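Trainee: Please see the structure below; I have some questions.
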Amino acid sequence: MIVPIGADASKLDAKILEHFAADSLKLPRGEWLVKFMGTTQELSTLLTITGTPNSEVGNAVVIAVGSYFGFAPTNVWEWIKSRWA
């Protein structure tokens with residue numbers, strides 16, 4: 001999961017779609033679910049959140065998700081089932 005920190009996440013959104021158009025889902029509040037087989041640090045570097053002197057896409061927190069539970073729209077559960085099963 002990628003959680004943008006700040007008012008404008010448009011550069012981060014574009015970078016996520018550039019790399020993960022078929023394997024990402026933007027949630028209603030702007031967070032992203034992304035299927036990625038590496039570490040959170042590797043994903044952060046790939047998206048240029050970190051790994052450069054200044055973040056090119058703005059600030060964000062990258063979180064590895066080990067399990068999930070809750071209530072969400074059907075499309076969220078379908079996305080999770082098809083990518084994290």
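Trainee: Taking the condition without any contact (Cβ under 8 Å) to a residue 12 or more places away in the chain and either surrounded by 10 or more Cβ atoms within 10 Å (Cβ to Cβ) or farther than 18 Å from Glu18 by Cβ (or both), does Trp32 pass?
Mentor: Details: without any contact (Cβ under 8 Å) to a residue 12 or more places away in the chain: no; either surrounded by 10 or more Cβ atoms within 10 Å (Cβ to Cβ) or farther than 18 Å from Glu18 by Cβ (or both): yes.
For Trp32, the condition - without any contact (Cβ under 8 Å) to a residue 12 or more places away in the chain and either surrounded by 10 or more Cβ atoms within 10 Å (Cβ to Cβ) or farther than 18 Å from Glu18 by Cβ (or both) - is not met.
Trainee: Can you report the number of residues in the range 74-85 which are out of contact with any Phe, Trp or Tyr (no Cβ under 7 Å at 6 or more places or on another chain) and either surrounded by 10 or more Cβ atoms within 10 Å (Cβ to Cβ) or hydroxyl-bearing (Ser, Thr, Tyr) (or both)?
Mentor: The qualifying residues number 8.
Trainee: For the range 1-49, which residues satisfy the criterion of being over 16 Å from Ala64 (Cα atoms) and polar (S, T, N, Q)?
Mentor: Those that are over 16 Å from Ala64 (Cα atoms) and polar (S, T, N, Q): Ser10, Thr48.
Trainee: What are the residues in the range 31-85 that are in a loop (DSSP other than H, G, I, E, B), in contact with a strand residue (DSSP E or B) (Cβ under 9 Å, 6 or more places away or on another chain) and among the charged types (D, E, K, R), if any?
Mentor: Scanning the range 31-85 gives Glu31, Lys35.
Trainee: Ok, one more. Taking the range 15-29, which residues are free of Cβ contacts under 8 Å to residues at least 24 places away in the same chain and either small (Gly, Ala, Ser) or assigned to a loop (DSSP other than H, G, I, E, B) (or both)?
Mentor: Scanning the range 15-29 gives Ala21, Ala22, Ser24, Pro28, Arg29.
Since every read-out is calculated from the coordinates, none of them should be taken as a lab result. Nothing here was measured: the structure is a model prediction, and the numbers come from that model. Every residue, glycine among them, receives a Cβ derived from its backbone with ideal geometry; neighbour counts consider all protein chains shown.
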